[in-house]
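Structure first, commentary second.
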Ligand code: NAD
């Protein structure tokens, strides 16, 4: 088991990519704080599945857009499992809004969760990791950190910001043996895009752009997430792994 004895927080882990990563970490021996903002039932269910498989996990409510939520997550990891080795900033939201309809509230909602939340939770986590001799911070970004997504400018801007956040944190935290990296998924079928992709010929058009000729599943992200959390990646920092079936090759 590659994460035996480690303690991880995965934000937004009640469903989708976060849930798959939390399960993957549980399988590899980590104790996992399964964060959720609203749906307690699905997070309890995700944590329960890890425990049923012989692992350790608890579900913890916290809104990553608020500093109080950051404290709650870190305290839960330290109190329940004795420390914090791995943080996965996975929680994210996407709102469809054409640029010409730009609304400051949309900006605040998306940036507060996707970028500001990830930044300040990372800083809080780093303070704990420093005291323990190091750690891993992994950010779930998107191929839209490089390529803008139509009608989702603020989402794309938030992910572009993550790209620089990863490099900036990696630079300043390296001396404390904290590695900071990102995973940028391509098209992964989750609740974030299920209804959008079900409309018209969107799914078929998307498939045409993916060289590996399938839409990804949440489980496709787990291998990279385990690698970046494990000692196998101790010399990897400030970088992004694109897990996209080759989608960016067509851009
Ligand atoms: P999802 O909507 O299923 O999961 C997002 C999770 O974040 C949900 O559990 C949600 O409750 C949680 N969340 C939202 N706001 C929160 C907050 N304020 N505090 C705590 N949790 C909050 O979608 P997903 O596809 O699993 O997305 C996970 C991450 O992957 C996101 O950052 C997303 O941008 C990124 N991503 C997804 C895709 C894709 O194709 N699905 C592609 C690229 C990147």
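The values are calculated or read from the model by the stated rules, or taken from the named source; none is laboratory data. The structure displayed is predicted, hence computed values, not measured ones. Backbone-built Cβ (ideal geometry, glycine too); neighbour counts: all protein chains shown.
Residues in segment 169-186 that are loosely packed, with under 14 Cβ neighbours inside 10 Å and either touching a strand residue (DSSP E or B) at 6+ places or on another chain (Cβ under 7 Å) or free of Cβ contacts under 8 Å to residues at least 12 places away in the same chain (or both): 172, 175.
Of the candidates 46, 13, the single residue that is touching a helix residue (DSSP H, G or I) at 6+ places or on another chain (Cβ under 6 Å), within 10 Å of the ligand (Cβ to nearest atom) and free of Cβ contacts under 8 Å to residues at least 40 places away in the same chain is 46. Scanning segment 35-70 for residues being over 17 Å from residue 113 (Cβ atoms) and outside any helix (DSSP H, G or I) gives a total of 7.
Of all the residues in segment 95-119, those that are in contact with a helix residue (DSSP H, G or I) (Cβ under 6 Å, 6 or more places away or on another chain) and within 16 Å of residue 168 (Cα to Cα) number 2. When you scan segment 99-110, do you find a residue that is surrounded by 21 or more Cβ atoms within 10 Å (Cβ to Cβ) and closer than 28 Å to residue 230 by Cβ, even just one? Looking through segment 99-110, none of the residues is surrounded by 21 or more Cβ atoms within 10 Å (Cβ to Cβ) and closer than 28 Å to residue 230 by Cβ. Pairs linking a residue in segment 111-124 that is closer than 17 Å to residue 192 by Cα to a residue that is part of a helix (DSSP H, G or I) and near the ligand (Cβ under 10 Å from one of its atoms), with Cβ atoms under 6 Å and 6 or more positions apart or on different chains, are 111/158; 114/158. Taking each residue of segment 139-159 that is over 25 Å from residue 13 (Cβ atoms) and looking for partners that are more than 9 Å from the ligand (Cβ to nearest atom) and at pLDDT below 95 with beta-carbon atoms closer than 6 Å, six or more apart or interchain, yields 147/251. If the condition is being surrounded by fewer than 16 Cβ atoms within 10 Å (Cβ to Cβ) and either at pLDDT below 95 or not in a helix (DSSP H, G or I) (or both), then segment 210-244 contributes 211, 212, 213, 214, 217, 234, 235, 236, 239. Restricting attention to segment 147-194, the residues being under 19 Å from residue 236 (Cβ atoms) and in a loop (DSSP other than H, G, I, E, B) number 1. Hey, residue 189 hits all of (1) within 11 Å of the ligand (Cβ to nearest atom); (2) surrounded by fewer than 20 Cβ atoms within 10 Å (Cβ to Cβ); (3) over 16 Å from the mean Cα position of the chain (by Cα) but one; which does it fall short on? It fails just one condition, (3). Is one or more of the residues making up segment 149-163 within 11 Å of the ligand (Cβ to nearest atom) and surrounded by fewer than 19 Cβ atoms within 10 Å (Cβ to Cβ)? Looking for residues that are within 11 Å of the ligand (Cβ to nearest atom) and surrounded by fewer than 19 Cβ atoms within 10 Å (Cβ to Cβ), one finds at least one in segment 149-163, hence yes. One residue alone among 28, 80 is touching a helix residue (DSSP H, G or I) at 6+ places or on another chain (Cβ under 9 Å) and under 25 Å from residue 130 (Cα atoms), and that residue is 28.
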